[in-house]
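Comments concern the structure below.
The values are calculated or read from the model by the stated rules, or taken from the named source; none is laboratory data. Everything quoted here is computed from the prediction, not taken from an experiment. Please note: Cβ atoms are built from the backbone with ideal geometry, for glycine as well, and neighbour counts cover all protein chains shown. Protein only, heavy atoms only, side chains kept; ligands, DNA and RNA dropped before computing areas. Shrake-Rupley method; radii C 1.70, N 1.55, O 1.52, S 1.80 Å.
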Amino acid sequence: MIRNNKVLLIYTGGTIGMGANVQSGALEPLDFNHLVANMPEIKLIETEIDVHQFAHPIDSSDMSPDKWAEIASIIAERYDDYDGFVVLHGTDTMAYTASALSFMLENLTKPVILTGSQLPIQQLRTDGKENLVTSIELAAAHHPDGRPRVPEVCIYFSGKLLRGNRSTKQNADGFNAFDTFNYPHLCEAGVYFSFNDHNILCPDYSKPMTLHKAMDSNVVVFSLFPGIKEDIVRHMLKAPNLKSIVMRSYGSGNAPQRPWMLNLLHDATDRGIIIVNISQCVAGSVAMQRYETGYQLQQAGVISGYDSTVEAAVTKLMHLQARYADANLVRHYMNISLAGEATFKG
């Protein structure tokens with residue numbers, strides 16, 4: 001493969017590029033071009049780095065599908081000019097963005113690595129410098145024949161390179177903010193990089209990358225809990241324009257065997273609403289055939305989310321709903337791996 005020896009750094013906002021307001025003391029976005037220019041570590045990296053900064057950097061809690069489309073479009077428009085891309089992003093919704101991008105960038109053949117920090121990059125104890133420098137090096141890493149080492153959407157944080165659509169934020173305060181509980185790490189970054197090549201996606205390099213910008217966010221997430229009320233569930237299921245639900249069930253995919261619950265779910269699926277069952281547990285997979293309670297959900301038309309994260313299930317539904325008007329097609333593709341987002345069985 002022909003290499004450009006260039007990486008594009010896309011700054012969307014987030015803690016990594018924040019500075020304290022002189023008057024209020026609150027954190028606010030800074031000019032990231034200025035920060036990069038004043039980081040001596042950046043100058044030691046043996047690849048050229050360009051920076052694209054959002055015109056108005058945002059807090060990650062304000063991330064939205066139109067911002068995902070903006071990030072994906074930047075990557076698509078400059079795809080041939082760079083060997084890889086690093087997206088600087090706030091941690092709160094980073095796993096959602098990583099999941100969304102994995103579906104929006106079909107047949108991705110280059111690294112897209114999201115990173116950020118728990119402390120602003122200008123603070124003395126920041127984790128931002130190591131996260132940023134290592135992410136750039138990983139985005140530029142390649143095999144002897146020029147193929148990238150990690151041609152997929154990833155999150156890099158605190159020494160671990162993770163598949164983006166398998167990642168979940170696990171810690172609000174610690175530097176070890178993310179992990180993939182149902183999938184091995186793609187690389188461990190210690191003194192040397194230790195790539196786990198057999199865990200990394202292998203795209204078809206003969207096919208072009210295809211951009212899908214549209215996302216249909218008519219989806220809702222709800223968690224089961226002891227004492228959940230029939231009238232509230234009924235009201236949710238009758239929401240106008242609702243197309244799909246990510247239902248966080250107990251254990252390996254179990255739910256109360258109350259007739260009203262099963263009847264409401266059955267009625268919803270008959271009306272074309274897609275209900276995807278994922279576990280409230282951070283590790284493990286839904287197996288609705290294991291217990292009678294799960295089997296009853298299958299009979300009501302609920303489909304398995306296997307070992308998907310909430311972030312992956314939600315963004316995959318948004319992606320598929322924008323591509324296909326037929327709910328049966330969406331159901332079909334929810335049971336097929338699009339970007340390594342789940343372990344599908346049987």
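Output the residues belonging to segment 56-76 that are out of contact with any strand residue (DSSP E or B) (no Cβ under 9 Å at 6 or more places or on another chain) and without any contact (Cβ under 8 Å) to a residue 60 or more places away in the chain.
If the condition is that a residue be out of contact with any strand residue (DSSP E or B) (no Cβ under 9 Å at 6 or more places or on another chain) and without any contact (Cβ under 8 Å) to a residue 60 or more places away in the chain, then Ser60, Ser61, Asp62, Met63, Ser64, Asp66, Lys67, Glu70 are the ones that fit.
Just checking, how many residues over segment 240-260 are over 23 Å from Lys169 (Cβ atoms) and out of contact with any helix residue (DSSP H, G or I) (no Cβ under 7 Å at 6 or more places or on another chain)?
6
So, in segment 163-180, of the ones that are modelled with pLDDT under 95 and open to solvent by less than 10 Å² (accessible area, probe 1.4 Å), which residue ends up nearest to Val112 (Cα to Cα)?
Selected residue: Phe178.
Applying the selection to segment 163-180, what residues are not in a loop (DSSP other than H, G, I, E, B) and not hydrophobic (A, V, I, L, M, F, W, C)?
Going residue by residue through segment 163-180, those that are not in a loop (DSSP other than H, G, I, E, B) are 163-166, 168-169, 178-179.
Selection gives Arg163, Gly164, Asn165, Arg166, Thr168, Lys169, Asp179.
Yes or no, residue by residue, for (1) in contact with a strand residue (DSSP E or B) (Cβ under 8 Å, 6 or more places away or on another chain); (2) assigned to a loop (DSSP other than H, G, I, E, B); (3) modelled with pLDDT of 95 or more; (4) aromatic (Phe, Trp, Tyr):
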{"site": "Asn182", "(1), (2), (3), (4)": "no, yes, yes, no"}
{"site": "His198", "(1), (2), (3), (4)": "no, no, yes, no"}
{"site": "Leu242", "(1), (2), (3), (4)": "yes, yes, yes, no"}
{"site": "Gln257", "(1), (2), (3), (4)": "no, yes, no, no"}
{"site": "Asn277", "(1), (2), (3), (4)": "yes, no, yes, no"}
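So His34 fits all but one of (1) at pLDDT 95 or above; (2) in a helix (DSSP H, G or I); what number is the exception?
Answer for His34: the failing condition is (1).
Conditions first: (1) closer than 28 Å to Gln289 by Cα; (2) part of a strand (DSSP E or B); (3) among the charged types (D, E, K, R). Arg234 passes all but one, so which condition is the exception?
(2)
Anything in segment 185-206 that is within 21 Å of Phe103 (Cβ to Cβ) and either of a type in the set (D, E, K, R) or surrounded by 13 or more Cβ atoms within 10 Å (Cβ to Cβ) (or both)? List them, or say none.
Answer for segment 185-206, where residues must be within 21 Å of Phe103 (Cβ to Cβ) and either of a type in the set (D, E, K, R) or surrounded by 13 or more Cβ atoms within 10 Å (Cβ to Cβ) (or both): Leu186, Asn199, Ile200, Leu201, Pro203, Asp204.
Among the residues of segment 142-159, how many are within 17 Å of the chain's Cα centre (by Cα) and more than 15 Å from Leu132 (Cβ to Cβ)?
4
Any residue in segment 216-233 that is under 13 Å from Arg258 (Cα atoms) and modelled with pLDDT under 95 sitting within a Cβ distance under 6 Å of a residue that is among the acidic types (Asp, Glu) and exposed (fewer than 15 other Cβ atoms within 10 Å of the Cβ)? List the pairs, counting only those 6 or more apart or interchain.
none
Restricting attention to segment 289-336, which residues are open to solvent by less than 10 Å² (accessible area, probe 1.4 Å) and assigned to a loop (DSSP other than H, G, I, E, B)?
Answer for segment 289-336, where residues must be open to solvent by less than 10 Å² (accessible area, probe 1.4 Å) and assigned to a loop (DSSP other than H, G, I, E, B): Ala300, Val302, Gly305.
Since Gln53 meets every condition but one in (1) at pLDDT below 85; (2) in contact with a strand residue (DSSP E or B) (Cβ under 6 Å, 6 or more places away or on another chain), which condition does it not meet?
So Gln53 meets the others, but not (1).
Looking at Gly272, Gly294, Gly305, Gly340, which is the one that is closer than 24 Å to Arg234 by Cα, touching a residue at least 12 places away in the same chain (Cβ under 8 Å) and within 21 Å of the chain's Cα centre (by Cα)?
On the way: Gly272 fails: within 21 Å of the chain's Cα centre (by Cα); Gly294 fails: within 21 Å of the chain's Cα centre (by Cα); Gly340 fails: closer than 24 Å to Arg234 by Cα.
Within the list Gly272, Gly294, Gly305, Gly340, the selection yields Gly305.
If a residue counts only when it is among the small types (Gly, Ala, Ser) and surrounded by fewer than 19 Cβ atoms within 10 Å (Cβ to Cβ), which helices (runs of 4 or more DSSP H) contained entirely in segment 57-162 have at least 1 such residues? Let's see the steps before the verdict.
On the way: elements: 65-77, 94-104, 128-140.
Here the list reads 65-77.
Out of (1) among the polar types (S, T, N, Q); (2) surrounded by 12 or more Cβ atoms within 10 Å (Cβ to Cβ); (3) not in a strand (DSSP E or B), what's the single condition that is false for Ser249?
Ser249 satisfies every listed condition except (3).
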